[in-house]
Amino acid sequence: MKKNIHPDYHPVIIRDASTGTEFLTRSTATSSATSVWSDGNTYPLIVVDVTSASHPFYTGVATIPDVAGRVEKFHRRYPHLNQ
């Protein structure tokens, strides 16, 4: 790797704004806000709206659309297309 061309890659704490869940990871993002992690060290704190702790896909709360209801509605609306 070339010297002095890459951004600073450092540990940061990511906090989910809706659940308050925190993750310690590495990032090039920085912040003036800081937080103390369980290891006793202080790291920059990045607050984000959605993480795997609150996203419906990862939490299993995602709803499956009512496809059967849509098909029935289509058939009622366009009965001449039913065969």
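The values are calculated or read from the model by the stated rules, or taken from the named source; none is laboratory data. All values reported here derive from a predicted model rather than from experimental measurement. So basically every Cβ, Gly included, is an ideal-geometry build from the backbone, and we count neighbours across all protein chains shown. Surface areas here come from the heavy atoms of the whole protein model, side chains and all, with no ligands, DNA or RNA. Shrake-Rupley method; radii C 1.70, N 1.55, O 1.52, S 1.80 Å.
From the set of residues in the range 28-46 that are under 20 Å from the mean Cα position of the chain (by Cα) and open to solvent by less than 60 Å² (accessible area, probe 1.4 Å), which is nearest to residue 11 (Cα to Cα)?
Result: 44.
Those residues that are closer than 30 Å to residue 25 by Cβ and either modelled with pLDDT of 80 or more or in contact with a strand residue (DSSP E or B) (Cβ under 9 Å, 6 or more places away or on another chain) (or both), I need them from the range 56-83; list them, please.
none
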